[in-house]
1. Using only C-alpha atoms and all pairs of different ones, pull out the Kirkwood radius for the range 2-99 in Å with one decimal.
2. For the pair residue 105 and residue 65, what calculated FRET efficiency results from E = 1/(1 + (r/R0)^6), where r is the Cβ-Cβ distance and R0 = 22 Å, to the nearest 0.05?
3. Work out the FRET efficiency for residue 177 and residue 5 from their Cβ-Cβ distance, taking R0 = 51 Å, and round it to the nearest 0.05.
4. Taking every pair of alpha-carbon atoms in the range 48-177, give the share separated by more than 23 Å as a whole percent.
5. Would you report the distance distribution of C-alpha pairs in the range 105-186 as whole percents per 5 angstrom bin, up to the bin with the largest distance?
6. Near residue 159, within a Cβ-to-Cβ distance under 15 Å, what is the net charge of the other residues, with Lys and Arg +1 and Asp and Glu -1?
7. What share of Cα pairs, in percent, lie more than 13 angstrom apart in the range 46-104?
8. Given points 7 Å out from each Cα along the Cα-Cβ axis, report the residue 79 to residue 91 separation in nanometres with one decimal.
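Bear in mind that the values in this text are calculations on the coordinates, not laboratory data. Just so it is clear, the model here is predicted, and its values are computed rather than measured. Every residue, glycine as well, gets a Cβ built from its backbone with ideal geometry; the counts of neighbours run over all protein chains shown.
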Amino acid sequence: MRKDITVSAELRTTRGKNEARRLRAKGMAPAVIYGSGAEAVSVAVDPRQVLKILHSGTGHNTIFDLAITGGEVTPVMIVDWQLDPVKAYLLHADLKRIDLTKRLRVSVPIHMEGDPIGVKVEGGLLEAITRSIEVECLPDEIPGYFTVDVSGLAMGQALRASDVALSGSMQLLSPPDAVLAHVVALRAEEVVAAEAVVEGAAAPAAEPEVVKKGKKEEEGAAADAKDKDKGKEKDKGKEKEKEKGKKK
């Protein structure tokens, strides 16, 4: 999608890891621009501007103007980029010149909305199989994403690439029967796990009864101990009376 955005760039006359480090130390990132039959040019760009475009709604499908100091101003797209795996700052970017009169092949994300009938009524599970489709269209017609409604999907039904509504000069390049999402029955393991969760939630209600039983057993054991002690005292009393009788 064409946006009214201009990113400034400076020509790079040297290359290599040391040069890249010096650029990053100055708050810039190395990049290269190529395509449309012209020579590849090494440039330095503001990484914040590039990351802002990548994080926008249209992402890497955004077409913007690159203005090279003392050189060309041309529409480009970000076709590849590298991020630091820890700090996530931009390490390098590949920019492609875009001819606005020629059709492009692009991958467009799929956004799903709605609650399928097969899930909320029939107890199924919605599985997303493919999250993007490939289309061909003019640069100005590239969408940021396609939105599809899955609320009408029943158990066993699927949403396919051919179900996505295209407009303008768009042409579907992905296989028309490619499944984007479908509603399936819960697997036996998932049903057992769900039942276990329900049973586990009900189990604590029986715990007070177990505690009470334990108390009763403890009380019974204490009573038996008292009876035994009383019996021993009676036996001792009888023995003392016998000893007195012998002495007499």
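1. On the way: mean 1/r = 0.0742 Å⁻¹.
Evaluated over the range 2-99, this radius sits at 13.5 Å.
2. Working: r = 22 Å, r/R0 = 0.99.
Once rounded, the FRET efficiency stands at 0.50.
3. Rounded to the nearest 0.05, the efficiency is 0.85.
4. 47 percent
5. 3, 16, 26, 21, 14, 10, 6, 3, 0
6. -4
7. Summing the P(r) of the range 46-104 above 13 Å gives 65 percent of all pairs.
8. 2.1 nm
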